[in-house]
Structures are given as structure tokens and as C-alpha cells.
1. Which value, in Å² rounded to 10, gives the accessible area of residue 34 with a 1.4 Å probe and all protein chains present?
2. Run down the lysines and flag those whose C-alpha is under 20 Å from the C-alpha of residue 34, throwing out any fewer than 8 positions away in its chain.
3. If you roll a 1.4 Å probe over the heavy atoms of the protein chains, what accessible area per residue do you get for region 23-143, in Å²?
Amino acid sequence: MVPRTSHITTQHSQITGFGYEHDEPWSANMELFKELTDVSQGVRRLGAASIDLCHVAMGIAEAYWEYRLKPWDVTAGVIILEEAGGRVTTMDGLPYSVFSRSLLATNDALHAPLLEYTEPKTRRLIAQGLDLSPWFIPKGYNVHTGPQL
């Protein structure tokens, strides 16, 4: 069961990742990194999205976020986190599917406080014309949002 804490403090740690392209989403993520480092115990970058999601599921970290992950990067970790009682949405708070181009995963209790940071940055990227619509969805594939099981 994912541990529940309801506000960001210097006792909490988060995880993020950075894509290879140094563009607008990368810059927005760097801003989030700086802001959340100031109000939490720290932000880590481990390098494997599914492992990062498992760390949230285990309570090692309280949250993980990243832009432009692919389904093969996150599917196993999303299932494990949701089974442990965690919460996953897009970074602007919309229902998540493995084809989404942003991910915010938390212990559930910290989801709303973290959305206060991630949602404005994500909405700004969309307003600037960045395509954060779902990745290619195979013909006939039935996308489920919310809990994946």
C-alpha cells in the first residue's frame, strides 16, 4: 500500500526524468525540478520510468512526473503503482492512458498539491502549440483511462 501524505514538505522526495530533446517541455520540466527541489527533500532522476513508478508504489518517493514517455516506458510501472493505491493522471490532471504524453504519478494524497505546479506549466506548453495529444493509438485499440485494470 502506498504511504499517504497530503502536502509537500521537506520530508518528501520526488522523481522526474528528462528527455533527450532540449526544447520547451525540457525547459518546463527544469522549472518544475527547481521549484519542487525548493519545497521538498529533493528531486531525483533515476533513469527508468517503470522503476521510478515502482519507487512511488513502494513509498521510497512520493511522486514522479515526466513529459513525452512512451507506452513501453511506463505500462508495467503504472499497473504496479495503481495496484498499490497510487494515482496517475496527465500533468494537467486529465485521465491517463499509456498513450498520454505526460504523466504525474503520486501517492494520491500529494496529487492535488503537485498539480498546482505541473498543471500551469503543461497548459502553457499546450497554449504555445506543443502537441501533447496521445501518441499513435493502434486501429481497434480500446483506450481505457483512469485505473488501467
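1. Rounded to the nearest 10, the figure is 130 Å².
2. Residue 34 reaches 121.
3. On the way: 5600 Å² over 121 residues.
Result: 46 Å² per residue.
The values are calculated or read from the model by the stated rules, or taken from the named source; none is laboratory data. Computed from a predicted model, the values in this text were never measured in an experiment. Surface areas here come from the heavy atoms of the whole protein model, side chains and all, with no ligands, DNA or RNA. Shrake-Rupley method; radii C 1.70, N 1.55, O 1.52, S 1.80 Å.
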